[in-house]
Amino acid sequence: MSVGQELLDVPLPEMVAKLGAGIADAQHQLDMNSVEVAKTLAETEIEVVPAITRTISADGSVDYSAAEPIDVSLLQAGLFPTFYQFSEATIEVEMDIKTTTETETSIDVSTGGSVGFGLWSARIDVDVSHNRKFGKEVHGTSRLNTTMVPVPPPPYLFPEVETVDNRSTDE
């Protein structure tokens, strides 16, 4: 298999698709967590004293009076869940492919001859061996970096608090 084929066999489109699906799933889980926190904040009530009045008398004495405490949810008290989104995702893929070829040829030649009774013979022995070795090492690493940033909550998730003051203005 060629080096080019090795690079083509890297499932990059599949890796990118899985990254996108993974980020979408993680984003959904982050959003659902923020919604659950918002529900908990809306359902958890605390007692709050809405106002404390400080009165300074003509003689300089100071008096404090507190309004009756009221129950408000943590959401009404101003605690809001944090929403996050993935702002960046980076895939880094590195491949190191090393191929080696080694050739070894050895030739052994030997000769011999014999003479006897008017006849002679000669021989040549040739022993040839040929070896080829192929080696391949493939190393790959991949890294995924994501960045999450806080974002403002959806505009209609939390109600706007309107104050209607029905106190009389007679003094």
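Given the conditions (1) under 30 Å from Gly20 (Cα atoms); (2) loosely packed, with under 10 Cβ neighbours inside 10 Å; (3) free of Cβ contacts under 8 Å to residues at least 60 places away in the same chain, report the number of the one that Pro152 does not fulfil.
Evaluating Pro152 over (1) under 30 Å from Gly20 (Cα atoms); (2) loosely packed, with under 10 Cβ neighbours inside 10 Å; (3) free of Cβ contacts under 8 Å to residues at least 60 places away in the same chain leaves (3) as the failure.
Might you check whether a residue that is free of Cβ contacts under 8 Å to residues at least 60 places away in the same chain and touching a Leu at 6+ places or on another chain (Cβ under 7 Å) occurs anywhere in region 91-105?
Within region 91-105, not a single residue is free of Cβ contacts under 8 Å to residues at least 60 places away in the same chain and touching a Leu at 6+ places or on another chain (Cβ under 7 Å).
Yes/no matrix, rows are residues, columns are (1) surrounded by 10 or more Cβ atoms within 10 Å (Cβ to Cβ); (2) polar (S, T, N, Q); (3) under 30 Å from Gly20 (Cβ atoms); (4) touching a Lys or Arg at 6+ places or on another chain (Cβ under 9 Å):
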| residue | (1), (2), (3), (4) |
| --- | --- |
| Thr101 | no, yes, no, yes |
| Glu104 | no, no, no, yes |
| Ile124 | no, no, no, no |
| His130 | no, no, no, no |
| Lys133 | no, no, no, no |
| Val138 | yes, no, yes, yes |
| Thr141 | no, yes, yes, no |
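When you go through (1) within 19 Å of Thr163 (Cβ to Cβ); (2) free of Cβ contacts under 8 Å to residues at least 40 places away in the same chain one by one for Tyr64, which number turns out not to apply?
With respect to (1) within 19 Å of Thr163 (Cβ to Cβ); (2) free of Cβ contacts under 8 Å to residues at least 40 places away in the same chain, Tyr64 is out only on (1).
State whether one or more residues within region 13-34 are over 30 Å from Val93 (Cα atoms), of a type in the set (Val, Ile, Thr) and either surrounded by 10 or more Cβ atoms within 10 Å (Cβ to Cβ) or in contact with a Ser or Thr (Cβ under 7 Å, 6 or more places away or on another chain) (or both).
No, the conditions are met nowhere in region 13-34.
Restricting attention to region 70-82, does a residue exist that is more than 29 Å from Pro50 (Cβ to Cβ), surrounded by 10 or more Cβ atoms within 10 Å (Cβ to Cβ), touching a residue at least 40 places away in the same chain (Cβ under 8 Å) and among the hydrophobic types (A, V, I, L, M, F, W, C)?
No, that holds for no residue.
Values in this text are rule-based calculations from the coordinates and carry no lab data. Quick caveat: nothing in here was measured; it's all calculated off a predicted structure. Using ideal geometry, Cβ is built from the backbone for each residue, glycine included, and neighbour counts are taken over all protein chains shown.
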